[in-house]
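Values in this text are rule-based calculations from the coordinates and carry no lab data. Computed from a predicted model, the values in this text were never measured in an experiment. As a convention, Cβ positions derive from the backbone with ideal geometry for all residues, glycine included, and neighbour counts pool all protein chains shown.
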Amino acid sequence: MKLPTILEFCRIGNRGEAFLEFIMSKHCLMHRIVGYKDVGIDYICEWLKGNIPSRVLFGIQVKTSERSDIKLINKGTNRGLNELEKFLIKPLPFDIKPETFAYWEGLEIPLYLFSIIKNSENNFDCYYLRLTPILHKTNNNKLEEIKKGVFFKANENSDFIDLVKKEKMNGGFVRDLFIDSVRCSYQNGNISYRNPKDFGLDNWPKDTVIFPDVLAGKNTDYIKKVKKGLSLLEKVGLVKVNSDFENKIEMLKNQITKKKI
């Protein structure tokens, strides 16, 4: 009797996903999407604050490779932001289908592309690319930007780097998750967002500030969409939108940029 065979690329993919689940399951609930339901997202995840579900959802697409010709080009540490090591992956060991990209664009939760790569010690390392900042851009080369994007190393052996402690405003993956959730709020025209404490970012300012450097992000419609939402309230006499709204946000952004420099 001839038995079924399991293709090598399926076995590689299974190992990579098992590794990612192993290191991330301490920090989030991972709901695997299988079979015909998988149209571009492998996991819908809910972040945990300790042992409490946060109700913060995000999506993950996972790609695994054991190719020996992959080069990881270290671009230094992402100082002042998530504090993780940055890498370019050459060549990118997978393709992104246009229909998958189109599906990502319509989702309204933070999205991440995880690349699981076999290392020199015959183990795996995981690297993630933030899809949300790219998908929200208004330019036409977003797919190419994803293919050339910077990945962040997200593990130390079997430990997922969820949080990088700093004196002010901790980093790590959860920092990116929070900022990308803010982006999703702005993309939907909402000026408010989830409290960073819901993510476990206890030394971040509460949800009483705006992030002008995000709101005035280059090649985004965040300002336009937030202003449109406020204008709906203005029509019924509840608020008054400054006629110089866009420039005021840009000025706030420039002030923050100068402080960082």
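Going through the stretch 180-238 one residue at a time, which ones are buried (at least 17 other Cβ atoms within 10 Å of the Cβ) and on the phi > 0 side of the Ramachandran plot?
Within the stretch 180-238, G189, G200 qualify.
Residues to consider are L163, L143; find the one that is closer than 30 Å to P98 by Cβ and under 17 Å from the mean Cα position of the chain (by Cα).
L143
Is there any pair linking a residue in the stretch 18-34 that is in contact (Cβ under 8 Å) with a residue 40 or more places away in the chain and closer than 18 Å to S65 by Cβ to one that is of a type in the set (F, W, Y) and surrounded by 12 or more Cβ atoms within 10 Å (Cβ to Cβ), with Cβ under 7 Å and at least six apart or on different chains, and which?
Partner pairs satisfying both residue conditions: F19/F124; L20/F114; I23/F160.
Go through the stretch 102-129 and count every residue that is in contact (Cβ under 8 Å) with a residue 60 or more places away in the chain and either over 13 Å from the mean Cα position of the chain (by Cα) or exposed (fewer than 15 other Cβ atoms within 10 Å of the Cβ) (or both).
Count: 5.
Sort out which residues of the stretch 74-123 are within 14 Å of F152 (Cβ to Cβ) and aliphatic (A, V, I, L, M), and write them in order of number.
Selection gives L81, L84, L88, I89, L113, I116, I117.
Please go through (1) touching a strand residue (DSSP E or B) at 6+ places or on another chain (Cβ under 6 Å); (2) farther than 24 Å from K165 by Cα; (3) of a type in the set (A, V, I, L, M); (4) surrounded by 15 or more Cβ atoms within 10 Å (Cβ to Cβ) for I96 and return the number of the only condition it doesn't satisfy.
(1)
Take the stretch 239-261 and flag every residue that is charged (D, E, K, R) and either at positive phi or touching an Asp or Glu at 6+ places or on another chain (Cβ under 7 Å) (or both).
Result: K240, K253.
For the subset of the stretch 75-89 comprising residues that are part of a loop (DSSP other than H, G, I, E, B) and on the phi < 0 side of the Ramachandran plot, which member is surrounded by the most Cβ atoms within 10 Å (Cβ to Cβ)?
Top of the filtered list is N82.
Any residue in the stretch 40-59 that's over 9 Å from D198 (Cα atoms): show its pairings with residues that are part of a strand (DSSP E or B) and of a type in the set (K, R) at Cβ separation under 8 Å, as long as the two are six or more apart or on different chains.
From the stretch 40-59, the pairs are D42/R32; Y43/R32; E46/R55.
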